[in-house]
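Working notes for the structure below.
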Amino acid sequence: MKPISDDDVLAALGIRPELSRKMGTFGNFAISFSVICILAGGMSLFGFGLGHGGPVVMLGSWLVIGFLTLLVGMSLADVVSAYPTSGGPYFMADKLGGPRWGWWTGWLNLLGLLGAIAGIDYGAAAFAGAFAQMQWGITPTDGSTMLIFGCILLLHGLLNSAGVRLVTLLNSISVWWQLVGVAVIVGALTFAPAQHQSPDFVFTHFHNDTGFSSPFYVALVGSLLAGYTFCGYDASAHVAEETTDAQTSAPRGIVRSIYVSWAAGFVLIAGLLFAMQDYTATQNTVTGVPPAQIFLDVLGASGAKVLLLVVIVAMLFCGNAEVAAASRMIYAFSRSRALPMWQSWQLVNERTKTPTRAVWFAVIVPFVLALPALWSPAAYGAITAINAVGMIPAYGIPVYLALRKGRDYQPGPWSLGRWRKPVGVVAVAYVVFITGVFCLPQSTPITADSFNYAGVTLVVALLLAWGTWLTRGKKAYQLTAANTAQPGEALLGEGF
């Protein structure tokens, strides 16, 4: 029996292929691994972990959350194999549950992706500011950080506009940069002639700066170090239309990116904890970046700057990969007429076969979202909090709908088989649970600056999805309408 081609699979789903299918199995894995980016999430949230449970919670929750995330990833991968499209979760939700499910999932996923770009690239700008302070004595300001942030977004827009070949190459480099970077960082901190913490401290020490008295509650909140880091593996689904053998390559990319990140991230966090010299000084470092203080204490200024550069470059790779994933989702969502001015965002550049306008949408909107950081860190946190509370539910919805389908669900060639139901039930339960944890207060007393706005942003996102469904979605939204042409018709996506 002749195998079904990737384009035939798309045709069966009602989609005409427009994008350049130049990405292989490794490239598909690389984009999700780059987006998860343990050198971004693990480093950016390391200080959060120190104050919210300390070492025992940081490492313990990494193991537990990593395992549960793997179950979610495996369940999502099963559905991706059946629906390997750039739309990712929203396309699956629509096919399995109907247009309203697709619309709500799409808005959650889109807002999560845009919030992730804002968070990742702004974090890279903050780390770059810390490097500038160490290297040239330049004190970072909100204005200078925003300027660096804008330059990073511009760079990512230009790189992604060049086409999927360059994006794939950069993501492939990113994989080795991260893995070698973890080895270099942990190796340097391990073999440096400095005192190290004991295993008892690293694996059992509990530290609580939250103001809450319950160790269990603190552990829940502290688990967000891992919870926030393990996001973005839907990138493998969003580039499925540019991946060869997508029905197997995209699911494998999701699962591999999670378990490789799980293992490497544990080594990284443990290495930093063993090397930490002074707990309080690390938390209150003048650099604003606790891992940078560990580098300084153990390796001195020169060594610290080298390792900090390793982290900054990894963050740049991460942000670039996230722009690629978000732009494909914007392209697909516009193809379904879900966004205002959808005719523009779903256009594909004839030369590069890349949705170039969607790329710049994915660059400009996060910059606008981050502008409140100039006046209020709390406002910025409220906006970027939609990253996790938008993306994680968007992963769980297609899994839930596939379970609800029961025997009517038709899996693709990559399938969990008889394990689909038990793994899927645990995955959906975890998604509901961790989404609730994302919204819990993280410190007390609760003030405007310390308030956790994740719940507020989730409610706003749901209200936005509901309002746009009533005013636009019911009339305009059609899953594949903008990409479907009759024989002899010009395809709407051609041109720039």
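Just to be sure before I move on: is Ile434 of a type in the set (Val, Ile, Thr) and part of a loop (DSSP other than H, G, I, E, B) in the structure I sent? Judged against the criteria, Ile434 is not a match.
Scanning the stretch 451-464 for residues being without any contact (Cβ under 8 Å) to a residue 24 or more places away in the chain and either within 19 Å of Gly47 (Cβ to Cβ) or among the small types (Gly, Ala, Ser) (or both) gives a total of 0.
Results for (1) exposed (fewer than 15 other Cβ atoms within 10 Å of the Cβ); (2) farther than 23 Å from Ser336 by Cβ; (3) free of Cβ contacts under 8 Å to residues at least 24 places away in the same chain; (4) more than 26 Å from the chain's Cα centre (by Cα), shown as yes or no for each residue.
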residue: Val9; (1), (2), (3), (4): no, no, no, yes
residue: Glu18; (1), (2), (3), (4): no, no, no, no
residue: Arg21; (1), (2), (3), (4): no, no, no, no
residue: Gly27; (1), (2), (3), (4): no, yes, no, no
residue: Ala30; (1), (2), (3), (4): no, yes, no, no
residue: Ile36; (1), (2), (3), (4): no, yes, no, no
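Among all positions in the stretch 379-396, there is no residue which is without any contact (Cβ under 8 Å) to a residue 40 or more places away in the chain and within 27 Å of Leu96 (Cβ to Cβ). For the stretch 409-424, the criterion of a residue being surrounded by 22 or more Cβ atoms within 10 Å (Cβ to Cβ), hydrophobic (A, V, I, L, M, F, W, C) and assigned to a helix (DSSP H, G or I) is satisfied by no position. Looking across the stretch 289-326, the residues that are among the β-branched types (Val, Ile, Thr) and in contact (Cβ under 8 Å) with a residue 40 or more places away in the chain come down to Val289, Ile294, Val298, Val310, Val311, Ile312, Val313, Val323. The test for being touching a His at 6+ places or on another chain (Cβ under 6 Å), within 30 Å of Asn109 (Cβ to Cβ) and assigned to a helix (DSSP H, G or I) does not hold for Ala321.
For the stretch 352-359, the criterion of a residue being within 15 Å of Ala116 (Cβ to Cβ), touching a helix residue (DSSP H, G or I) at 6+ places or on another chain (Cβ under 9 Å) and modelled with pLDDT under 95 is satisfied by no position. Considering the stretch 195-226 alone, what residues qualify as being assigned to a helix (DSSP H, G or I) and either touching a Gly at 6+ places or on another chain (Cβ under 7 Å) or among the acidic types (Asp, Glu) (or both)? Asp200, Val218, Ala219, Gly222, Leu225, Ala226 - these are the residues of the stretch 195-226 that are assigned to a helix (DSSP H, G or I) and either touching a Gly at 6+ places or on another chain (Cβ under 7 Å) or among the acidic types (Asp, Glu) (or both).
Of the residues making up the stretch 1-29, those that are in a helix (DSSP H, G or I), under 21 Å from Ala325 (Cβ atoms) and either touching a strand residue (DSSP E or B) at 6+ places or on another chain (Cβ under 9 Å) or not hydrophobic (A, V, I, L, M, F, W, C) (or both) are Asp6, Thr25, Gly27, Asn28.
The values are calculated or read from the model by the stated rules, or taken from the named source; none is laboratory data. Everything numeric in this text was worked out from a predicted model, so none of it was measured. Heads up, the Cβs are rebuilt from the backbone with ideal geometry, glycines too, and the neighbour counts pull from every protein chain shown.
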